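Data block below; observations after.
The values are calculated or read from the model by the stated rules, or taken from the named source; none is laboratory data. Owing to the predicted nature of the structure, the values given are computational and were not obtained by experimental measurement. Note: ideal-geometry Cβ built from the backbone for every residue, glycine included; neighbour counts use all protein chains shown. The protein model used for the area step is the full one, side chains on, heavy atoms only, and it has no ligands, DNA or RNA in it. Shrake-Rupley method; radii C 1.70, N 1.55, O 1.52, S 1.80 Å.
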Amino acid sequence: MQRPAAPGSVAGPGEGLPDAVLADVVRNTGASVGLVYLLPPGERVLRLVLASGVSRQIVAPWARVPVDAAIPVADAMRRRRLVWLGSQEEIARRYPRLGLVLPYDFMLAAAPIAGADTVWGGIVLLWPVWHPAQLTAAEQETIAACCRRTAALLQHAADSGRPLGPADEPRLLPALYPHEADPAQAMAALGFAERLPVGCCALDLDGRLTFINPAGAELVGASAASLLGKRPWEVLLWLYDPVFEDRYREAVVSRQPTSFTARRPPDTRLSFQLYPDDSGISVHITPAAGDPTATETGAAAPSPAGLVGATALYHLMHLATALAEAAGVQDVVELAADQIVPGFGPKALALLTVEDGRLRVTGYRGYSPELMARFDAVPLSSDTPAAHVITTGVASFFATFADLALAYPPAVRQDEMAAWAFLPLIVSGRPVGSLVLAYDQPHPFPPAERAMLTSLAGLTAQALDRARLYDAKHTLAHTLQTALLPHLLPRIPGLQVAARYRPAGHGMDIGGDFYDLIRCTPTTAVAAIGDVQGHNTTAAALMGQVRTAVHAHATAGATPGDILTGTNRLLTDLDPGLFASCLIAHIDLTTQRALLATAGHPPALLRHPDGRTDILRLSPGLLLGIDPDADYSTAEIPIPPGAALALYTDGLVESPGTDIDDATAALAGHLAAAEPEDLDALADILLHHAEQSAPRHDDIALLLIRPHDGP
């Protein structure tokens with residue numbers, strides 16, 4: 001991990017944000033936990049880069065968050081506004097996945113880190129429930145100021161060619177309120193704790209024991225040396241219960257005192273009271289009062305081999321809910337890698353799928369591309385553990401390389417891993433692939449963990465099977481839409497044209513956006529753009545019919561209003577149950593005029609030769625397909641040489657939480673400020689503006705037209 005830059009400075013390429021970005025806002029708002037996320041350029045997954053007041057284990061499921069996930073920080077970024085959750089009930093209602101995995105009392109705020117044109121990421125802050133029901137005005141301004149400063153820092157770094165990128169692992173900040181004491185005070189406090197007749201110990205935020213007094217060690221029946229640096233429930237078998245680990249998680253997340261009672265064999269009941277703050281947890285240990293058999297039996301202490309820790313169970317629950325939302329195969333691969341590697345202990349993962357009798361590497365994390373290339377396309381008949389578990393349907397676990405070599409004598413160590421789990425991915429008795437998990441230390445795989453990993457593989461297999469069906473449907477729709485869009489626009493002397501189409505955001509179906517340019521006479525042309533309601537094959541097919549109708553009426557010499565009238569009648573006759581918006585522009589190069597008509601479509605933009613840009617708000621007509629007798633009026637505008645007409649679909653301006661009029665005005669301002677004379681470069685600039693200003697969840701079609709003098 002690279003050394004963080006000094007507060008206020010600009011880090012070098014690939015370096016992370018200064019710690020002060022998070023530390024200052026946590027201090028100034030009194031938050032107990034803080035998280036900062038960045039969205040790397042060109043990606044659709046937020047990466048956790050800074051964390052304060054919480055352990056790496058607890059934040060592992062949230063280290064990577066898809067921008068379209070139902071998670072507060074993603075919502076704040078998409079909507080470009082603060083998200084406030086004032087109670088556990090509100091969290092569970094609005095964000096069920098978060099409520100399931102962190103079922104504790106806390107309050108949460110998430111805010112976007114955004115500049116004028118770019119959304120860089122988001123910040124998340126947690127408070128204990130004794131915080132007021134709403135954020136104060138001062139707290140809101142502190143959060144907003146932090147986001148503005150961070151966005152400015154990121155923009156400056158990007159402009160200087162030294163972008164601040166996320167590291168492989170999030171950086172955990174040290175305690176923001178360190179306890180300072182002179183050596184004499186420290187020794188006095190140590191002596192005080194050691195003389196106490198009651199037990200006490202201290203845990204860091206990761207749950208590891210940093211101190212235990214003699215009375216505490218005697219009560220738990222273990223020496224301080226055997227406990228220091230370890231999580232107590234992983235060393236003391238009678239504490240190895242998900243309930244006890246869950247109390248620790250609750251203390252860290254909620255910052256509220258909590259307690260539990262445990263039985264130390266044979267019949268000593270102990271009460272543990274946990275008092276958390278930002279640096280760790282103080283634990284008070286005393287014999288529990290009451291009847292020793294009142295709440296517990298004399299059953300033998302559980303074994304780690306028979307139980308799975310609370311953290312692992314919550315990670316499994318989180319993975320299950322995340323996979324339920326996955327759409328395509330790549331979604332499943334990314335989610336599995338994002339959750340399994342940080343949450344369940346492996347250092348590397350490979351997901352292989354069955355294709356034509358071979359195993360194909362569909363995705364991986366922690367392995368090198370060169371190593372994965374060696375295992376890609378391995379026949380199912382090969383004598384390899386990844387293939388063997390598919391043919392047998394039985395998982396294989398190898399605690400050491402010696403175990404692997406014994407089972408597969410040809411095995412050669414090709415990486416630095418020391419233990420492996422090979423898990424078959426089977427749905428309804430049909431193999432769909434295998435999941436390989438690798439560990440950098442010998443790993444015993446007790447029965448409880450084997451069962452959990454087998455469940456994990458089952459969840460992944462079901463999600464992968466659903467995703468394959470989704471991808472097949474998506475490919476069909478995309479092929480249909482691509483076939484229906486014009487492959488090449490006609491060349492018309494005196495008219496420059498640039499067109500762009502971008503499919504909807506990751507995980508969405510294909511839509512019904514279309515554009516067209518139709519040559520009518522040597523000096524006239526009709527430009528059309530439209531959007532059919534829906535995101536499926538039906539929408540794509542109907543889009544083709546609408547485009548065909550527009551083309552037919554345009555070539556027959558109809559005015560823009562008449563083109564829409566005729567196309568509307570066709571749609572109402574077909575009665576597909578879908579509506580469409582459309583905008584038609586008839587351009588006459590001789591008169592330097594254009595006739596426009598709209599059917600509920602976003603307004604066109606006209607950039608004058610001097611850069612001034614108008615929003616052409618026409619008399620709105622009904623969407624196509626609603627009323628067969630709808631009338632569409634035609635308006636006339638001048639369009640001199642050098643002016644540029646921009647037609648687009650709502651995907652270019654529409655984003656959750658943003659007023660459509662404000663977004664249209666922002667697009668017009670961006671078009672006015674653009675410098676390039678080349679229309680293709682201008683089209684790319686407008687698309688970049690849209691994609692950087694907020695995540696997009698709809699298709700985008702864009703058509704730029706500019707009359708010019710000369711051939």
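Quick notes
- Qualifying residue in the stretch 42-55 (condition: closer than 13 Å to L164 by Cβ and modelled with pLDDT under 85): no
- Among the conditions (1) among the charged types (D, E, K, R); (2) under 24 Å from M317 (Cβ atoms); (3) without any contact (Cβ under 8 Å) to a residue 24 or more places away in the chain, E141 misses just one, which is (2).
- Residue match in the stretch 571-578 (condition: touching a helix residue (DSSP H, G or I) at 6+ places or on another chain (Cβ under 8 Å), assigned to a loop (DSSP other than H, G, I, E, B), more than 30 Å from R80 (Cα to Cα) and of a type in the set (A, V, I, L, M)): yes
- Within the stretch 137-169, being of a type outside the set (A, V, I, L, M, F, W, C), under 16 Å from G34 (Cα atoms) and open to solvent by less than 80 Å² (accessible area, probe 1.4 Å) holds for E139, T142, T150.
- Subset of the stretch 438-469 (residues that are small (G, A, S) and either touching a Ser or Thr at 6+ places or on another chain (Cβ under 8 Å) or in a helix (DSSP H, G or I) (or both)): A448, A451, S455, A457, G458, A461, A463, A467
- Only residues that are assigned to a strand (DSSP E or B) and either modelled with pLDDT of 90 or more or open to solvent by 50 Å² or more (accessible area, probe 1.4 Å) (or both) were counted across the stretch 362-378, and they come to 2.
- Among the candidates G566, G577, residue that is touching a His at 6+ places or on another chain (Cβ under 9 Å) and surrounded by fewer than 21 Cβ atoms within 10 Å (Cβ to Cβ): G566
- The stretch 41-57, residues that are over 18 Å from P18 (Cβ atoms) and open to solvent by 10 Å² or more (accessible area, probe 1.4 Å): P41, G42, E43, R44, V45, V54, R56, Q57
- Enumeration of residues in the stretch 431-448 that are open to solvent by 60 Å² or more (accessible area, probe 1.4 Å) and touching a residue at least 24 places away in the same chain (Cβ under 8 Å): D440, P442, P444, P447
- Residues (in contact with a His (Cβ under 9 Å, 6 or more places away or on another chain) and within 15 Å of R706 (Cβ to Cβ)) located in the stretch 594-612: A594
- The residues of the stretch 1-22 that are open to solvent by less than 10 Å² (accessible area, probe 1.4 Å) and either modelled with pLDDT of 95 or more or under 21 Å from D278 (Cβ atoms) (or both), listed by number, are L17, P18, L22.
- Residue, modelled with the lowest pLDDT, within the stretch 213-241, restricted to residues that are surrounded by 18 or more Cβ atoms within 10 Å (Cβ to Cβ) and over 19 Å from R269 (Cβ atoms): R231
- Residue in the stretch 25-40 that is open to solvent by 10 Å² or more (accessible area, probe 1.4 Å) and at pLDDT below 90 present: yes
- Restricting attention to the stretch 115-135, the residues that are surrounded by fewer than 19 Cβ atoms within 10 Å (Cβ to Cβ) and farther than 17 Å from G34 by Cβ total 8.
- Enumeration of residues in the stretch 89-113 that are modelled with pLDDT of 90 or more and either closer than 18 Å to H318 by Cβ or touching a Lys or Arg at 6+ places or on another chain (Cβ under 7 Å) (or both): F106, L108, A110, P112
- Filtered residues of the stretch 379-415 (kept if free of Cβ contacts under 8 Å to residues at least 40 places away in the same chain, open to solvent by 80 Å² or more (accessible area, probe 1.4 Å) and in a loop (DSSP other than H, G, I, E, B)): S381, D383, V394, P409, P410, V412, R413
- Test: residue in the stretch 649-657 that is in contact with a His (Cβ under 7 Å, 6 or more places away or on another chain) and not hydrophobic (A, V, I, L, M, F, W, C): no
- Pair list, Cβ under 7 Å, 6 or more apart: the stretch 619-636 residue more than 9 Å from N568 (Cα to Cα) and modelled with pLDDT of 90 or more, other residue surrounded by fewer than 20 Cβ atoms within 10 Å (Cβ to Cβ) and of a type in the set (K, R): E636/R593
- Scanning the stretch 416-437 for residues that are outside any loop (DSSP other than H, G, I, E, B) and either at positive phi or of a type in the set (S, T, N, Q) (or both) yields a count of 2.
- Against the numbered list (1) open to solvent by less than 20 Å² (accessible area, probe 1.4 Å); (2) among the aliphatic types (A, V, I, L, M); (3) at pLDDT below 90, V252 comes up short only at (3).
- Flag for A60 being surrounded by fewer than 20 Cβ atoms within 10 Å (Cβ to Cβ) and small (G, A, S): no
- Filtered residues of the stretch 449-474 (kept if touching a residue at least 40 places away in the same chain (Cβ under 8 Å), within 17 Å of I390 (Cβ to Cβ) and surrounded by fewer than 18 Cβ atoms within 10 Å (Cβ to Cβ)): T454, R468
- Spans of strands (runs of 3 or more DSSP E) in the stretch 601-704 with at least 3 residues open to solvent by 20 Å² or more (accessible area, probe 1.4 Å): 613-616, 635-638
- Residue under evaluation K347, criteria (1) among the basic types (K, R); (2) touching a helix residue (DSSP H, G or I) at 6+ places or on another chain (Cβ under 6 Å); (3) closer than 27 Å to V101 by Cβ, criterion not met: (2)
- Selection within the stretch 183-230 - within 44 Å of the chain's Cα centre (by Cα), among the polar types (S, T, N, Q) and farther than 27 Å from V59 by Cα: S226
- Taken as a whole, the structure leaves D610 outside the set of residues that are at pLDDT below 90 and closer than 25 Å to G512 by Cβ.
- Test result for D338, assigned to a loop (DSSP other than H, G, I, E, B), modelled with pLDDT under 85 and acidic (D, E): no
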